[in-house]
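Below is one structure; the comments refer to it alone.
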Amino acid sequence: MINIEDLIDVADANIKEDDWELYKVFKPMKVFGKHLETLFDIGIHKVWKLEDIINNLKSHVNVLSDSREELKNAYGDFMFKDVDDDWYNNIDIYKILIKINEDGSIESRVECGDDENTFNVYFKNNDIVNIMESNIR
C-alpha cells in the first residue's frame, strides 16, 4: 500500500512542470499481480495537496495491483485477442505513470508487454479505457 512518506518529491532532480508536483515511489508496489520497484512516476496537479488526494491514490493503486479479469477482457476488446490467466501471469511491466488532474480525476498508463506485443494500458479513475500497441521495448 502507498503512503504519503513513500512519495519522494523530485523537485531537487531538476524536473520542472509549472502546474504539477512530480513524485517517484521507491517502494515495492504491486501492479497486475507483480511486485515492482522504482517504476512509479506520480504527477499531482498543484491545485491539490497530497494529504487531500492520498486516499483516492491508494484506491487507484489498489485497482492497479490486481485487475486480472478487467485486463483480460479489455485486452480482448481492444487488441482482438483472447487471453487466459497464463497470459496475465506472464506480462512484463516496464513503467507506471499516474496523474491526479486538476479536476481530481486520476489517469494512469501502465507500459507493459507479453510474448508478442508491447502495449500501454490506460486507466481513467479506476476503469481501463484503452489499450494500445507501443514501441517501448
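Each reported figure results from applying straightforward, stated rules to the coordinates on display, with no laboratory input. None of these values were measured; they are calculated from a predicted model. Because the Cβ atoms are built from the backbone with ideal geometry, glycine has one as well, and the counts that use them run over all protein chains shown.
Pair-distance distribution of region 4-133: all C-alpha pairs, bin width 5 Å, starting at 0; shares per bin in whole percent are 2, 10, 21, 23, 18, 13, 8, 4, 1.
Which order do the peptides 56-62, 129-135 come out in when sorted by mean C-beta neighbours inside 10 angstrom, highest first? Mind showing how you got there, number by number?
Working: 56-62: 16.7, 129-135: 12.9.
The densest-packed peptide leads the list: 56-62, 129-135.
Once the Cα atoms are used to define both axes, helix 50-65 deviates from the longest principal axis of the chain by about 10 degrees. Considering helices alone, the calculated mean residue ellipticity of the chain at 222 nm is -7500 deg cm²/dmol, with DSSP H runs of length four and up weighted by -39500 (n - 2.57) and normalised per residue. Counting only alpha carbon atoms, the long axis of helix 68-79 and the longest principal axis of the chain meet at about 70°. Using the charge dipole of region 4-133 (Lys, Arg: +1 at Cβ; Asp, Glu: -1 at Cβ; taken about the Cα centre), state which of 61, 112, 129 has its Cα farthest towards the positive end. Of the listed residues, the answer is 61.
Bridging of residue 72 to aspartates and glutamates at a Cα separation below 20 Å is possible for 82, 84, 85, 86, 92, 107, 111, 114, 115, 116, 127, 133, once same-chain residues fewer than 8 apart are set aside. The listed peptides 24-36, 80-92, ordered by packing as a protection proxy, come out as 24-36, 80-92 (highest mean of other Cβ atoms within 10 Å first).
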